[in-house]
Each structure stands twice: as structure tokens, then as C-alpha cells.
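Readers should treat all values here as calculations from the given coordinates under stated rules, not as data from a laboratory. Being a predicted model, the structure only gives us computed values, none of them experimental. Cβ placement follows ideal geometry from the backbone for every residue including glycine, while neighbour counts extend to all protein chains displayed.
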Amino acid sequence: MKLSYNWLKDYVNVKASPEELARILTMSGSKVEGIAKVGDDHVLELEITANRPDCLNIIGLARELSAVLGEELKLPEQNIGKSMPDDKNSVRIECIVEAPELCPQYTARIITGVKVKKSSAKIAARIMALGMREINNVADITNYCLHELGQPMHAFDLDKIKGGKIIVREARDGEKIVTIDGVERELKKGMLVIADVERPVAIAGIMGGIDTEVSEKTKNVLLESAYFNLLSIRRTGRKLVLSTDASYRYERGVDRGMIIPASERAAAMIMGEAGGNVGGFYNVGDCRSKKMSIDFDPNKINTTLGIDIDKKEVKGILVRLGMEVSDKTDGRFTVGVPSFREDIKLRVDLMEEIARIYGYENIPARIPEISPAVIRKEKPRQVKEKITEVLVSLGMNEIMTYSLVNESVVKRFAAISVSPVTLMNPLSEDQRVMTPHLLDGMLKSISWNINRGTCDLRFFEIGKKYSVIEDARQYREIPALCVGFTGFIRNNWAEGKRAVTFFDVKGVIEALFASLRLVPKFKQSLVEGILAPSAVISVDGEDVGFIGEVTGKVLKDYGVEQPVFVSEIKLDRLYEKASLMDMYKALSKFPFSSRDMSILCDKTVTAADMYDVILVAGTELVKDIRLVDVYEGDKIPSGKKSLTYSVTYGLDNRTLNDAEVESMHARIKSALSEKLGVTFR
Amino acid sequence: MDLSDKLDELKTKFDEAVSKCSSLRELADLRVIYLGRKGELTQILRGLAGLSPEEKRNVGQKANTIKIDFEQGLNALAEKIENAETVGKAKKFDVTVPGIEPHAGTVHPITKTMNRMSEIFVSLGFRIADGPEIENEFYNFEALNIPLEHPARDGFDTFYIKGKYLLRSHTSNVQIHVMQTQKPPVQVIMPGRVYRPDAVDASHSFMFHQVEGLMVGKKVSFADLKGVLLAFCQSMFGPDIKIRLRPNYFPFTEPSAEVDISCIICKGKGCRLCSGNGWLEILGAGMVNPKVFEAVGYDPEEYTGFAFGMGVERITLLLYGIDDIRLFYENDIRFLKQFR
């Protein structure tokens, strides 16, 4: 919406500079986006909110300013509200509304004997200041009135209307019209048109047809002023991808009380500019609604807004905004809402009017009484924060990826992508489905960095996995953690290079679970086509995720040529199972002793097998078991591996003597050889 | 030459040797020569046997003193040499060799901002609530007084799934869930991910984050809203920050306000960041519309409340002077590492 500073002054006394005016308008709700100097005028560009179509014209804004500034609103002196004669002796037409629900009121006024030419300098200047093209003295007046009063009107060349009939009807499927912008448009059923007996002559409320446009040859004019159904205009405009000054106002709602006065104002101005005489006037339907009246308690304003304003001031604001305010005996007001303020329906709407005009900047700021103590952060959030804290302290970088992905991701990760959620109106194929897991985002981020020269990465993401249970129409959003490692974990002059392994990721998962007082179990299990080697991770016998090395086939899709290790953990179960309580455990006062054992065993014997045997045989005397060396190679028989464990023995209530330690160590060794057939080196 | 003279001579010899000694190896030799079992002092003392008791005592005392001198002298020398060797080594030590870089973990800037916001609101008495991203029309629109096919929906273009399901276009849906399950007083913030069909460029994203706030009670006023927002903005952006509320329109609040903060770069004088007007738009707010209360079964005659919502990406861009929203989702390690 454009506002001419000079033009505005016709209706309200403004002493403020254009800049100051812009501030006043902005602070009362009509946001000024910019000010341009046009000749000796200033044009303000405003952003008017969807609920305020009454501010889409100059008089509407003048009314706003009259309320803020306490100045009188000066409406155009002549014509508005002065009824014009319906000259039954002039040219007659027939005016038929076939679709009254889409067009509650239609008026047509005939003006005969006009002389169409360029507009007078004043009209032309004002039109052009607002960025419109100068057309002719009839079309320009309809545009002038649209900006002045907010009522869109259209002027037809009466002699081009065929059959002497104006018919307001729904379009027929496939019917065509060339609009005044020269574009041929195909219409569909449901769109409202103005037609003569042969064809549509205008798309109602949006744009007129080129055939019936007023030109310099026009002698007689038919001036349309109407009220159209808001939704109908909106739908038609959207379907045709066509938005005009007229449709913009119609779809937000024009002033139902302005249909006839605007027609009179425009007719009088056309005659002033182009001569001619008013002829017949046709008015079909009546769109006016019953006047809204609101019972309003001005005393509530102060508690709701937290201000101190007296009744008189409240009344003054409402009256200047065009409301009719009458006092009731109980101290309340009855507020009559004018036809141009259909947005005001409730008491809070009046409250907003007071707040706006009183000025938001004049309302004090205070800290409210805080609600009684409640748990401000529930456990899932606490666990999530702890996970972030632990992973960051372990040297990992948090990433964040899009939760919309390409459908091909579902196929690529078929084994872990159950019933994905698909969008009906995606922006692009790359954002068609809600991600069913976090691996795609992780691998994209790893690939992005490798392509930019950083190959050593340790990432994690806490996000969501989405799926649908089709029959039940239930959508699931499962919080999940994804960890991804690649490249060298050590790479410096002192330690040399050491590539990331499966066990680096496993170590992180173990440390993380330990911090949540959980013990994860890893069981070898292939994640078909995605991870190998890999394992499922469980807690208390329940699967919570997986860990493994991404297969070359998958890596290829991301253009990654170095090994990548990942783990994904479902967090919903972890949130429940985790414990955030840190319990102190007394430190033993008695020293522990360690003994090493070097074992030679079949490669098929797992570490878990060995732990189990050591723990069972060792009873509570075993305080710690650490694997300190692994060897597989030429120096030992093939099919065998050599392992060195360091076992720590101790008791909490006394010191174990050497003999006790040795005897326990021997017992464990014999249990190992008996149960697992291992030998010692 | 009597024994006493010999001792004097030995002392002179010792002092000279000590002054020439510069290594621990030489020092070990000196220890053998002067204090060893076959050393010179021992040799001299062997001669004591032929002396009178009085001479024995005198020379013996002298010899003892000399022995102690020798021991102390050698110990002092040892310390001096060791010191010199440490210093010598230390002087050659290249402290400019680069340190071994530990793995420095980082929190994503969006998480960082959201956590900071959450902490501020928690300190102001707000509880944190979550809600679904996959939502139906009722929670995303209808209950929030956003009618179908109304120009008010223009700002809320939405991704649809099937039937009446959609991806929430704002976190306001959580307000409805919270109010449906909790009686007033309510004081809650709702951080989360939202979606709108905007093509990606430097300032647009089809996915972003919001933090929504809601407070409902018997006497919650517009002044309370201003107070909470001022406290938040000053904690978030600095104690000198000013806020400005302008009337705006949101279907779910009435009165509604757009909230600006004084520009964090120019402090309100006008610069490129604030397009010269001194203010930065950062959030929308207002008093909860009674129609929203009606939708959740709260009595609008009894309760009032305020709500606000802000974009986390926008605030993070402002806080760190980042100029491209896409950086948040590329996860370039050179970017992430800056948020230590």
C-alpha cells in the first residue's frame, strides 16, 4: 500500500514530517517500509496486515492518524452519501445477478456523453505518484477512488456490452477472456465473471476484459461498484495466478457501506473530468450486514493491559476510530462498530484498538508473578543435555541436518527405513520424505567435509527419525542419536597416525552409556547392505541401536572413499532407562594388585566369552579386567590369536596377600583353559 | 714436610681441581681421588699412626675438617653441574614446536542458542515442553484461530502429508497441546523444529527452529509480556538493549505485537545490519486471543495470557554475525569449530 503525504493532508491535519509520520504510523500498526520522494511529494510504502483492509486506502489511514493525533477527520466534501438520480429516460440495460452468493450486491451506473481524454494534471499527478500508469480520465478516476476510498470499481464502454445485459454469473469451463493486460485467460467453473449476452467482459473483482475497456472512442460508460465473496475472489486469483489492486482489497473485504457512496463519488468525479450525465442506476442485492454492537467494560482495560487510562480517553479513541460509543448505566459502553471495521468482533479487539492508539511504548514493562515451583526440565531433556555434554567432552562436534530427504534415501537404507512419511507438496525431490534415520545426514556432512579437505571427523547429531503406522494414521517421531567417525583419530608428530576403528566408536558409546549408568551389550549382527561388520546394541535385553562400518556400496553413493564408522541409538528408551543420579561409592582403603596373563587361543573365542569365564571364576575378588595387547600374525600358529589381559584383584575390607592373589590368578587360568581350551604363553 | 703441610697442599690441589671440573664424570673421578678408600686423604691419614697423641689429635681434627670441606665442596659442585646441564638442555628445548591438539568438541550454534534461550526462560519461571512436528490442521491452524482460505494463512504456507496432516509451520501447536492437558496457571516455553515451503537461499530455509512461549493466569497483562520480553532480550543480547513493540496482526493473539530490539551493532544509530533504522525485528507476541482459550476449554472471562514466538536461526545469525542460513545445515567443520 502506497500513501501520498500531500494527498493525505486533504483529509487530516498532519504537521509531522514524512519521517515522523512514518514512525507514528508504524507504532500504531501500519508499518512503513520505506519513504520515497516523488516530485514535491513523499510516498510512504506501507505493509498493512491482513486484518485491516480499511487501511488499504488513504481515508482509512487518515482516520487512524486522526485517532493517534487527536485531529479531526475531513471526508471529501462533495458527493459521498449524496444520492444521485436514477434517470429512467436515459439508455436502459438489464442487470442480472445469477450467482448472488458469490456477488451479494452489484451496482451499475450509466454515464452518457463522456469525453474520454487525458486526466487533469492534479488527478494524473496523484495517480502517478502512487506508481500507477496514467490511462484516461475515466479509468484514472476509478483508480483514484480505489486509493482514496478503498472501493475497487470498473468502468466498461457501455456500447461494447452486447445485448443490453450485464450478467453476473459463474464462468463456464473453458470459457476464455482477454483481460486488459492483453493476456488470454481460460476460465473454469466456480470463477465469477461479469458477462454480456455473448461472453465474459470481466473476471469479477480481479480484472476487466480488453474488449469492453474504456477508450478515447467511448461515449457512454457503465460504472460498476460491487461486493464479491471474499473466498471466491481469493480462489480465482490463486488459480489464475493473478493479483491486482482490486482483488487484493476484495479478498480482504471492502467496506460494505461504501458500495453506493463510492459509485456516487466516482460518477461525480468522472463527470467533473469527462463531462456527461448520470443515467440509469441499477442495484441488485444488499450486502450490508447488521451493525455489530459490543458490550465493553472499559475498566477491564487497565488490568489486561497493565496501564492507567480513564474512561473519557477510551471513549475519545473509539469515537475517533469511527465507533459509536454510548454509556450504559453500569459504567460499561455499548460500542457500535462501523461497516469498515469487520475485524472488530470481540471485546479484545476493542482492547487492541485502545492499546494501539494509547501506544504500546507507553505500556510499562513489569515482571509477572512466577507460577509455583514445577519441574522446569523433564527427564528426557535432562538426559539429552547430558548426552550432548558427554559427547562434546569426548571431543566430538555436534551437527544438525535437514529432516527432509530424497526418497532414494529410503531405498538405499531399506533395512532400516520402515514406512517413511511422504510429503504431498514437496518443494523439490530432495525434500520429499521425512528422514527415517539419521545416517543420510551424517554421511552427507562427512562427504561435504572430505570434499573440502578435512578428512578426520568425529560427528554426532541428536535428531529425530520419522515413520508412519499406515493403518492407524499414527505418525512416530523417535528421538535418536547418530555418531559418525572417519579418518585418523591420532595424527600428530608425537604419536604418528592412527586410523579410526570400530572400537573408537564403541568406546564412545560405552563411555556415554556409562555416564547414564547404563551397560550396553554388543551382539554381532549384520545390517543388511548398510553396515559390515556391525552389531546391535542392547540395554537390559532391549535393542536400542546399532554400530558398525558403513559398506563401500553405500559410501560410494556419497562419494566417500575412506572407512566410516557409525552408530545410531534410539533415545526414547534411553530417556526412560538412564539414571542421572550420581551415587558416591566409598574408596577402598586397601591396595589392589594386578597380574597379567598372556593367552593363546582360537580366533573364534570372543572377548565376551573370556570376560564371562574370568568374572565367574574370579568372584568378587576381580576388580577390573583390561585387555592390554592383541596379536594375530606370523609368530603364532595360524587360526590363533594372542591376548594379554591385566586382571586387578582386591577386597574392600582388607589387603589380599600375594599367595591369595596368585591362587586366584591360577584359578582363573585353569578355568579359562578348561572352558575355552586356551593355553598360556 | 709434615702431615699438616701435606693436608694444606692437598686442600690447594683439591680447590684447583674443583675449579677446573665441569662434568659429572670428572666429578666422580675427583670423589675417588680425594675421598675414596684409596684416595689421597686416606693415604695421608695412614701416616697418623706414627704421631704423638697430641699431634694425632691436631692433625686428625684438621683432616676431618678437610674431609667435610671436600664432601661439601663436591656436593655443591655436583649441584652446580647438574643445574648447568638442566639449564643447558632447557635452553636448547624448542618450545615453539606445535602443541599436540586435543580433540575439542563443539555444540552446534543452533543448539547453543536454544539452550541459552531455555536457560533464560527457565530462570524467569518457565517450564520447557515439547510437541509433535507432524501435526493435524486443528492444532496447527484451527485451534489457533487461523481459518482456512483466509489471507491470514498467506504467511503460513505449509507442507502437507495426507488428509489433514501436515508439518507444523510454527511451534504454536504446542500451546494447544499444553493447554489441553494442563489447567492454568501455565508458564511454558516450547522450542522446536518447524517447516515451511520456502526455497533455500542465504536467508530462507524450508526447515528452521522456533522458541514459543506461553503464560496464562488470572492477572497476566500486556505489561507482564513487556517485562518478560525485556528481561529476555537484555539477558540474551546485553543489558543496554532496548525493545520496541509495534502493533501487528496474528490470528492467535489480540492485541498482537511485533517486537524489535535496538540494533546490536550500532546500538540504534542506524547501520547496514538494521537497514539504517536502528531496530531489528526479532519476535512476534501478544495477548492470547479468547478464541484460542475457547478452543482448549479455558474460560476467557477468567483467564488472560500472553504468547510469543521467535526464530532461532534469525537470532543466531544476529548474535554471531553469520550471513548465510545454509551454513547451519552444511556442517562444515571449519564453521562448527568456531563455536567452542
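Overview of results
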quantity	calculated
Counting all C-alpha pairs of chain B, share separated by more than 33 Å (%)	52 percent
Shielding of B:253-259 by partner chains, average beta-carbon count, 10 Å	6
Selection of GluC sites (Glu not before Pro), segment B:90-191, meeting DSSP coil and at most 16 other Cβ within 10 Å	B:Glu149
Using alpha-carbon coordinates, inclination of helix B:24-35 to the longest axis of chain B, degrees	40 degrees
DSSP bridge orientation in the protein assembly as shown - percent antiparallel, rounded to nearest 5	95 percent
Segments A:115-121, B:274-280 sorted - mean Cβ within 10 Å per residue, highest first	B:274-280, A:115-121
Reference-scaled alpha-carbon Rg (2.2 N^0.38 Å with N residues) for segment B:3-92	1.28
Net charge dipole size for chain B [Lys, Arg +1 and Asp, Glu -1 on Cβ; Debye, nearest 20]	800 debye
Relative pair counts by distance (%), Cα atoms of segment A:523-644, 5 Å bins	2, 8, 12, 11, 14, 17, 16, 11, 5, 3, 1, 0
Per the protein assembly as shown, cysteines lacking a partner by the 4.7 Å Cβ criterion	A:Cys55, A:Cys95, A:Cys103, A:Cys145, A:Cys287, A:Cys455, A:Cys482, A:Cys601, B:Cys21, B:Cys233
10 Å Cβ neighbours from other chains, averaged over peptide A:48-57	3
Relative contact order computed over chain A (Cα-Cα under 8 Å; 6+ residues apart), in percent	9 percent
Per-residue [θ]222 nm for the protein assembly as shown (sum of -39500 (n - 2.57) over DSSP H runs n ≥ 4, rounded to 500)	-10500 deg cm²/dmol
Calculated over segment B:281-339: convex hull of Cα atoms, volume per residue (Å³)	126 Å³
Nearby lysines by direct alpha-carbon distance to A:Lys239 (threshold 29 angstrom, same-chain neighbours under 8 apart not counted)	A:Lys2, A:Lys160, A:Lys162, A:Lys165, A:Lys176, A:Lys188, A:Lys189, B:Lys162, B:Lys164
Inter-chain Cβ neighbour average for residues B:214-224, partner chain, 10 Å	5
Loop chymotrypsin sites (Phe, Trp or Tyr not before Pro), segment B:196-278, which have at most 12 other Cβ atoms in a 10 Å radius of their Cβ (DSSP)	none
Relative packing of A:573-586, A:231-244, which averages over residues the other C-beta atoms within 10 Å, highest first	A:231-244, A:573-586
Equivalent-ellipsoid semi-axes of segment A:379-577, from the Cα gyration tensor, Å, largest first	26, 22, 16
Proximal lysines relative to A:Lys312, as straight alpha-carbon distance under 19 Å, when same-chain residues fewer than 8 apart are discounted	A:Lys300, A:Lys328
Calculated P(r) of segment A:593-680 - Cα pairs past 18 Å, %	41 percent
Cross-link reach list, lysines versus A:Lys585, counting only Cα pairs under 18 Å and skipping chain neighbours closer than eight places	A:Lys623
Two-decimal Rg to Rh for segment A:100-162 - Kirkwood Rh, Cα set	1.02
Those GluC sites (Glu not before Pro) in segment B:275-340 that DSSP places in a loop and that have at most 13 other beta carbons within 10 Å	B:Glu301, B:Glu302
Among A:103-111, A:426-434, B:173-181, the order from most to least packed when residues are scored by Cβ within 10 Å on average	A:103-111, B:173-181, A:426-434
Cα-Cα over 25 Å, subset of A:Lys379/B:Lys337; B:Lys13/B:Lys38; A:Lys444/A:Lys506	A:Lys379/B:Lys337
Semi-axis lengths (Å, descending) of the ellipsoid that matches the C-alpha gyration tensor of segment A:574-641	32, 19, 11
Sorted largest first, extent of segment A:2-69 alpha carbons per principal axis (Å)	32, 22, 18
Kirkwood Rh and Cα Rg combined as Rg over Rh, evaluated for the protein assembly as shown	1.20
